[in-house]
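In what follows, a single structure is set out as structure tokens and then discussed.
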Amino acid sequence: MSLISFQEFFAGLLRRSKPATGRRCQAVILSLLLTLSSGQLFAHHQTYRIGVFTTRSAADAFWGPVEQFMRAASADLDMELQVFYAEDDHISLIRQVEATARARPRFDALVLPNFKKTAHRNIKAAEANQVPVLLFNSGLSAERAPQMGKPREKYPYWIGSILPDEQRAGADLLNWLLAKAQSKTPEVETAAPVLAIGGNLGDFASIERTQGLKLALARQDKFQLAQLVHAGWQRQRAAEMFGHLIKRFPGNPVAPRVVWAASDLMALGTLDGAKEAGVTIIAGGVDWTRAGLSSVLDGGLSVSFGGHFMDGGWAAVMLYDYFHGVDFASESVSMVTQMAPLDVDNKDQIGMLLGSPTWERVDFKVFSKFLNPSLKQYPFNPQSVFLQLQ
């Protein structure tokens, strides 16, 4: 018999009891009923159910690791995870969110990105159905942010966000590549203009990373931007665009060209294009994809910035604490994580990532404030994970 059935049974006895049976019997029944309600007689265990929305598929170079890491965190924290795949179709994502927000039994929370500027609509769908929603991976666009406000301001069921600092990643990547170029040819006074490949024009990650690129370039005077083009996150398209760019901006034949790319796959595309054109480049990207990290070890890409695939796991930890009465809002409703660089000097960490890491070995409970009351700030960073896997 379930907890609710027990409560109804004893409540029925209480209603049917007659004065003749005495107040003592009624008192016993009432005491049992209160004990059941307080959970002292039966420990009522609840498995929380989370719906997660990704923009592509489980096999995607970025979203696959996001799901794997988040599943390990959810399993460790005894939460049920259901993942929905948009297959690069934002209309499909909208329909999935709307259906899931209305689903019964009810989901305890939804976790979703701002895919092609749809987050405002999906947040409103969750709000209308009174389902908590957490924004992750990509934030609101500049034109929607004032309308939506911050989490919990205008939409109480939009409980928070956890986003990578995309702008800083774009700037850090550019600075890393420029330092590499200067160390290779310190005697060259006039540096060739930087070539840059962005993702989709409307994607939050591409917008923020390219903004970081421009800000970093504005802070120094030796390097300039030749041209920024967008390859839609596609390797082949990036290779074709690089072929056109290198003809338009041949640069200094003495020094290797710096090529900034908003993702590993597009950075690999520039290497393909450079090989075809017979030129040497210093290229780097973002995402820590398997192909990108393998290229780093092989001497192709110079660096990859990443670690933000872990944000799905961190979102699970935040929700676990929230469900158990320890609100992450005490630290912030808008959590920001930092990406880290991996180059040839980080062979051990790259080896872990390429070795099909068993994230189940990570103890995600150590990141929970509910389970660790002395924890004042979430230690959400890749290094804290690598330390456990050593």
Inset, instruction - Take the chain, connect every pair of alpha-carbon atoms lying under 10 Å apart with a spring to form a Gaussian network, then pick out the residue of Gln147, Gln211, Gln227 with the largest mean-square fluctuation. - result: Gln147
Legend entry - Inter-centroid distance (Cα atoms) of segment 53-103 relative to segment 152-192, Å: 26 Å
Legend entry - Length added when fully stretched, Ala329-Ala59, from 0.36 nm per residue minus Cα-Cα: 93.9 nm
Inset, instruction - Using a 1.4 Å probe and counting only protein heavy atoms, arrange Lys347, Lys124 so the residue with the most accessible area comes first. - result: Lys347, Lys124
Legend entry - Volume per residue that the Cα convex hull of segment 65-143 spans, once the total is divided by residue count, Å³: 96 Å³
Legend entry - Cut-off 11 Å between beta-carbons: net charge of the residues surrounding Ala231, Lys and Arg +1, Asp and Glu -1: +1
Legend entry - Förster radius 56 Å - calculated FRET efficiency between Thr185 and Arg95, Cβ distance, rounded to 0.05: 0.60
Legend entry - Exposed GluC sites (Glu not before Pro) absent: longest stretch of the chain, with sites in DSSP loops and at most 12 other Cβ within 10 Å deemed exposed: 190-390
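Using only the Cα atoms of segment 105-233, build the gyration tensor, take square roots of its eigenvalues as a ≥ b ≥ c, and label the shape rounded, prolate or oblate: rounded if a/c is under 1.5, else prolate if a/b is larger than b/c, else oblate.
On the way: a/c = 3.34, a/b = 3.10, b/c = 1.08.
Since a/c reaches 1.5 and a/b is larger than b/c, the shape of segment 105-233 is classed as prolate.
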Legend entry - For the chain, projected area of the alpha-carbon convex hull averaged over all directions, nm²: 23.4 nm²
Inset, instruction - For each pair in Lys124/Lys376; Lys180/Lys222; Lys150/Lys376; Lys154/Lys369, compute the distance between the two Cα atoms and list the pairs where it is over 20 Å. - result: Lys124/Lys376; Lys150/Lys376; Lys154/Lys369
Legend entry - Label-to-label distance, nm, for residues given as Lys376 and Lys247 (7 Å Cα→Cβ offset): 6.1 nm
Inset, instruction - Using only Cα atoms, find the angle between the long axis of helix 63-76 and the longest principal axis of the chain, and express it within 0 to 90 degrees, rounded to the nearest 10. - result: 30 degrees
Inset, instruction - Quantify, in whole percent, the carbon and sulfur part of the accessible surface of the chain (1.4 Å probe; protein heavy atoms only). - result: 52 percent
Legend entry - Backbone HN-Hα couplings from phi across segment 110-118 [Karplus 6.51/-1.76/1.60, Hz, Gly and Pro as x]: 10, 10, 8, x, 8, 7, 6, 6, 9
Inset, instruction - If a/c stays under 1.5 just call it rounded; otherwise compare a/b with b/c (prolate if a/b is bigger, oblate if not). Do that for segment 233-390, with a ≥ b ≥ c from the square roots of the Cα gyration tensor eigenvalues. - result: prolate
Inset, instruction - For segment 326-334, take each phi angle, set θ = phi - 60°, evaluate the Karplus expression 6.51 cos²θ - 1.76 cosθ + 1.60, and give the result in whole Hz per residue in order, putting x for glycine and proline. - result: 10, 6, 4, 4, 5, 9, 4, 8, 10
Inset, instruction - For n ≥ 4 DSSP H runs only, could you compute -39500 (n - 2.57) per run for the chain, divide by its residues and tell me the 222 nm figure to the nearest 500? - result: -13500 deg cm²/dmol
Inset, instruction - Name the residues whose placed amide hydrogens come within less than 5 Å of the amide hydrogen of Val83, ignoring near sequence neighbours (fewer than 5 apart) on the same chain. - result: Val52
Legend entry - Part-to-part distance (alpha-carbon centres) for segment 108-149 and segment 259-300, which is given in Å: 33 Å
Inset, instruction - Taking the chain as the reference, fit the longest principal axis to its C-alpha atoms, fit the long axis of helix 90-102 to the helix C-alpha atoms, and give the angle between the two in degrees, 0 to 90, nearest 10. - result: 10 degrees
Inset, instruction - Just need the Rg to Rh number for segment 298-390, please, alpha carbons only, Kirkwood Rh. - result: 1.02
Legend entry - Average accessible area per residue (Å²) across the chain - probe 1.4 Å, nucleic acids and ligands excluded: 47 Å²
Inset, instruction - Round to the nearest 10 and give me the degree value, 0 to 90, for the angle of helix 23-38's Cα axis relative to the longest principal axis of the chain. - result: 0 degrees
Legend entry - Net +/- balance of residues flanking Ala262 in space, Cβ distance below 11 Å, scoring K and R +1, D and E -1: -4
Inset, instruction - First check a/c for segment 181-285, with a ≥ b ≥ c the square roots of the eigenvalues of its C-alpha gyration tensor; if it is under 1.5, answer rounded, and if not, answer prolate when a/b is larger than b/c or oblate otherwise. - result: oblate
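The values are calculated or read from the model by the stated rules, or taken from the named source; none is laboratory data. Remember, predicted model here, so these are calculated numbers, not experimental data. Note that each Cβ is placed from the backbone with ideal geometry, even for glycine, and that neighbours are counted across all protein chains shown. When the accessible area is computed, the model is the full protein with side chains, heavy atoms only, and any ligands, DNA or RNA have been set aside. Shrake-Rupley method; radii C 1.70, N 1.55, O 1.52, S 1.80 Å.
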